[in-house]
1. Can you run down the residue pairs with Cβ atoms below 6 Å, 6 or more apart or on separate chains, where the first is in region 298-318 and among the aromatic types (Phe, Trp, Tyr) and the partner is part of a helix (DSSP H, G or I)?
2. What are the residues in region 142-175 that are polar (S, T, N, Q) and either within 15 Å of Ala279 (Cα to Cα) or more than 9 Å from ligand 1 (Cβ to nearest atom) (or both), if any?
3. Checking Ala269 against (1) in contact (Cβ under 8 Å) with a residue 24 or more places away in the chain; (2) surrounded by fewer than 15 Cβ atoms within 10 Å (Cβ to Cβ), which test does it fail?
4. I'm checking my understanding of the structure. Among residues of region 247-266 that are away from ligand 2 (no atom under 16 Å from the Cβ) and in a strand (DSSP E or B), which one is surrounded by the fewest Cβ atoms within 10 Å (Cβ to Cβ)?
5. Given region 1-82, what strands (runs of 3 or more DSSP E) lie entirely inside it while holding 3 or more residues that are without any contact (Cβ under 8 Å) to a residue 24 or more places away in the chain and more than 30 Å from Ala107 (Cα to Cα)?
6. Mind checking which residues of region 270-318 are under 25 Å from Tyr196 (Cα atoms), β-branched (Val, Ile, Thr), away from ligand 2 (no atom under 15 Å from the Cβ) and in a helix (DSSP H, G or I)?
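Derivation of every value follows stated rules applied to the coordinates shown; laboratory data play no part. Please read all numbers here as calculations on a predicted model, not as lab measurements. As a convention, Cβ positions derive from the backbone with ideal geometry for all residues, glycine included, and neighbour counts pool all protein chains shown.
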Amino acid sequence: MKGYPLREVVVNLPGVHAGSILHKAEVSISGHPVTDNDIRRALVKAQEEAFEHMPEDGAFELIHTIPVSYKIDGHDGIAEPRGMVGHTLGVDIHMTSGDMLALRNIASCIEKSHLDISAFCTSSYAAGLASLVDDEMELGCTVIDIGGGVTSFSVFHNRNLLYADAVPIGGKHVTGDIAKGLTAAINDAERIKVLYGSAMAGGLDETEMIDVPRLGEDAFAPPNHVPRSLLVGIIQPRLEEIFELVRSRLQDAGLGSAVGRRVVLTGGASLMPGMKDLANYVMDKQVRIGKPIRLTGLPDAVSGPAFATTAGLLSYIAERSDEMPADIIAQVTPGTLWERVKYWMRENW
Ligand SMILES: Nc1ncnc2c1ncn2[C@@H]1O[C@H](COP(=O)(O)OP(=O)(O)O)[C@@H](O)[C@H]1O
Ligand SMILES: [Mg+2]
């Protein structure tokens, strides 16, 4: 970009390389009103404890540390503790971790472009930050971001990220199924998918035919004619599989019905006609297609569902830098004498 050299980037991390860690931490506040720093002390404590329990074969880095709810002297469900007094402050914390090896691979790609990484952010979290309205974030909503190779999903509640996960299936798998099913080249399968694809067979005209170029033949060879319903019959089961996997992962995480009945779909693959109805049918939730509505003034070409994640990365860095693990450590002032000794040792050794 002329005049504005790009030096630093925020990178989205697909949920397949990320995991959710739920943790509780308590710090002493000895009767003084709770401050931002007390909350940071609890977050730092949780971060340290997460690393103490790191599995030997699964090294990770923390991506987000998000306070979800607070407790003062055992009274729980406090949404805003700042200014309240008590003896101990308890914080329920959601940390998102990133697989260390995956992060290193991504970092080495980015270094080759001579860029510095300012932060990582989970893909579906960014998609939600860009596309959810305030009430969806507050009352509970699941964001499903269906990209090329991965479907990342996350659950928002009380304006926070509660859970993030992913399944390694996306639009590319649909294209691959079409290429195999219709014996077509991958490029042709992708074009046919975008031009004639649909997520649900209902209401299709059974006599409608589409042209499929023959694999390996030159461009002048007459194409195969196949019914469009055959194409949709290939697409629908793969997309159903994605939504069924998401539904069962959410149920396994205990989030089946607890966090509202709202689903927002983002990502390039959500542009497929009928996607909303299929998601509604499989997941039994109210579904809408999300766009990056929180970033205003975007040109038409980048204001569709495929750009939600990118727009969300900007919201993340602008509004939620207090959830970045490194910033939390950099800004905390130690409270108790023991905390001070520990910090001093960490700084000096
Ligand atoms: N109009 C469309 N209809 C159906 N699928 C689409 C459409 N546009 C893009 N896709 C699919 O979306 C996927 C890419 O989504 P995107 O969110 O851009 O990917 P990623 O986030 O993985 O980089 C591809 O598999 C592509 O085939
Ligand atoms: Mg995407």
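1. Tyr316/Ala126; Tyr316/Leu129
2. Thr142, Thr151, Ser152, Ser154, Asn158, Asn160
3. Looking at each condition in turn, Ala269 falls short on (2).
4. The residue in question is Arg262.
5. Once the strands (runs of 3 or more DSSP E) in region 1-82 are filtered for at least 3 residues that are without any contact (Cβ under 8 Å) to a residue 24 or more places away in the chain and more than 30 Å from Ala107 (Cα to Cα), what remains is 75-78.
6. We begin by selecting, within region 270-318, every residue under 25 Å from Tyr196 (Cα atoms); these are 270-283, 287-291, 300-308.
Cutting the leftovers down to β-branched (Val, Ile, Thr) gives us 282, 287, 289, 302.
Subsequent filtering for residues that are away from ligand 2 (no atom under 15 Å from the Cβ) retains 282, 287.
Matches in region 270-318: Val282 only.
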